[in-house]
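Scroll down for the structure; my scribbles are underneath it.
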Amino acid sequence: MDILGEAVDALRQAEEVVAEATRRRDDAVRRAISDGVPVAAIAEQAGLSKARVYQIRDHRR
């Protein structure tokens with residue numbers, strides 16, 4: 001069971017890293033929008049759809 005516990009811990013740590021990276025990305029998207037960067041350019045640079053950029057802007061999902 002030690003292996004299972006270690007795997008669960010590793011997964012939790014990875015989820016925390018992903019959550020923090022997502023927060024940083026979302027903050028950068030919002031900052032770019034407020035700086036007047038076109039949504040299409042943000043979407044292309046971030047590898048997101050324009051719809052997702054708007055969701056991030058509006059704090060949805």
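None of the figures in this text is laboratory data; all of them are computed from the coordinates on show. Computed from a predicted model, the values in this text were never measured in an experiment. Here the Cβ is made from the backbone with ideal geometry for all residues, glycine too, and neighbour counts use every protein chain on show.
Can you give the translational diffusion coefficient of the chain in µm²/s, computed by Stokes-Einstein from the Kirkwood radius over Cα pairs at 20 °C and 1.002 mPa s?
164 µm²/s
Taking the Cα centre of the chain as the origin and placing charges on Cβ (Lys, Arg +1; Asp, Glu -1), which of 1, 47, 11 is farthest toward the positive end of the dipole?
About the Cα centre, the residue reaching furthest to the positive side is 47.
Quickly work out the residue 44-to-residue 21 label distance, labels modelled 7 Å from Cα along the C-beta direction, and quote it in nm with one decimal.
2.4 nm
Cβ neighbours within 10 Å, averaged per peptide: list 27-40, 5-18 in order, most packed at the top.
Result, highest mean Cβ count within 10 Å first: 27-40, 5-18.
Treating the beta-carbon of each Lys and Arg as +1 and of each Asp and Glu as -1, no other charges, what is the dipole magnitude of the chain about its Cα centre, to the nearest 20 debye?
540 debye
Roughly what would the spin-label model give for residue 55 and residue 2, points 7 Å off Cα along C-beta, in nm?
4.2 nm
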